[in-house]
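First the structure, in the form of structure tokens, and then the observations on it.
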Amino acid sequence: KAGVTQTPRYLIKTRGQQVTLSCSPISGHRSVSWYQQTPGQGLQFLFEYFSETQRNKGNFPGRFSGRQFSNSRSEMNVSTLELGDSALYLCASSLAPGQGIDTQYFGPGTRLTVL
Amino acid sequence: DQQVKQNSPSLSVQEGRISILNCDYTNSMFDYFLWYKKYPAEGPTFLISISSIKDKNEDGRFTVFLNKSAKHLSLHIVPSQPGDSAVYFCAARSQGGSEKLVFGKGTKLTVNP
């Protein structure tokens, strides 16, 4: 079974630009969550999607947004990029929320560098 | 405020010995705990989990212990192998059906041959 895939793996942008990252969950998984990893803050929750609906959102500014499609694939978008947005962006998938004990599986991440 | 804390940024052990990684949490609403292993520039790899209704879960060389009264969990790796060298993250999920995980900042484990 293929794991979580994320594209692109690496991205370099300049301040003020916008970026879109993509995540394909494990087949059969319908819940997708996004996390940002930085050296100072560790892994921080961005948002969670299920059935094309955002179920939960972390403490990030409105420049960070996302969506989920009917095939469970998800995208996240960051507008007006800032230097501090440089990070590893991780996507995780799980079967569905509220299913009791459930495990999230992570993709390899997209390394975003903002110059 | 940091709801999940891993107070040791690093740990070094000899091959064949036991590695014990610790994690403390403050939120009583957490009902499920997970340990992930991470190599640089890769996503975290799931290792083992435990529900709050249990106090121990074992999977091969990995055992997780949960002490709810102390709000403390630990990961034991026995015997430790050089390939176990990585950063280990403790994560917790709240009751209520959300998939949101709260992570500790990680402990870098080095297993010396």
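The values are calculated or read from the model by the stated rules, or taken from the named source; none is laboratory data. Remember, it's a predicted structure, so these values are computed and weren't measured experimentally. With ideal geometry, Cβ positions are generated from the backbone for all residues, glycine too; neighbour counts draw on all protein chains shown. Surface accessibility is based on the protein's heavy atoms, side chains included, excluding ligands, DNA and RNA. Shrake-Rupley method; radii C 1.70, N 1.55, O 1.52, S 1.80 Å.
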Legend entry - Of all residues in region B:26-45 being over 15 Å from B:Ser85 (Cα atoms) and open to solvent by 50 Å² or more (accessible area, probe 1.4 Å), the one that is farthest from the other protein chains (Cβ to nearest Cβ): B:Ser28
Legend entry - Selection count, region A:61-82, where residues are within 21 Å of A:Gly107 (Cα to Cα), more than 12 Å from the chain's Cα centre (by Cα) and open to solvent by less than 70 Å² (accessible area, probe 1.4 Å): 2
Legend entry - Lone unmet requirement of (1) more than 12 Å from B:Leu21 (Cβ to Cβ); (2) open to solvent by less than 30 Å² (accessible area, probe 1.4 Å) for B:Pro113: (2)
Legend entry - Every residue from region B:63-89 that is within 11 Å of another protein chain (Cβ to nearest Cβ) and buried (at least 21 other Cβ atoms within 10 Å of the Cβ): B:Phe89
Legend entry - Test: residue in region B:52-62 that is of a type in the set (Lys, Arg), within 14 Å of another protein chain (Cβ to nearest Cβ) and surrounded by 21 or more Cβ atoms within 10 Å (Cβ to Cβ): no
Inset, instruction - Go through the residues of region B:3-16 one by one and say whether even a single one is out of contact with any strand residue (DSSP E or B) (no Cβ under 6 Å at 6 or more places or on another chain) and in a strand (DSSP E or B). - result: no
Legend entry - Residue that is nearest to B:Thr45 (Cα to Cα), among those in region B:90-106 that are open to solvent by less than 40 Å² (accessible area, probe 1.4 Å) and more than 17 Å from the chain's Cα centre (by Cα): B:Glu99
Legend entry - Answer residue from region A:1-57, given it is outside any loop (DSSP other than H, G, I, E, B) and basic (Lys, Arg) and is most open to solvent (accessible area, probe 1.4 Å) among those: A:Arg55
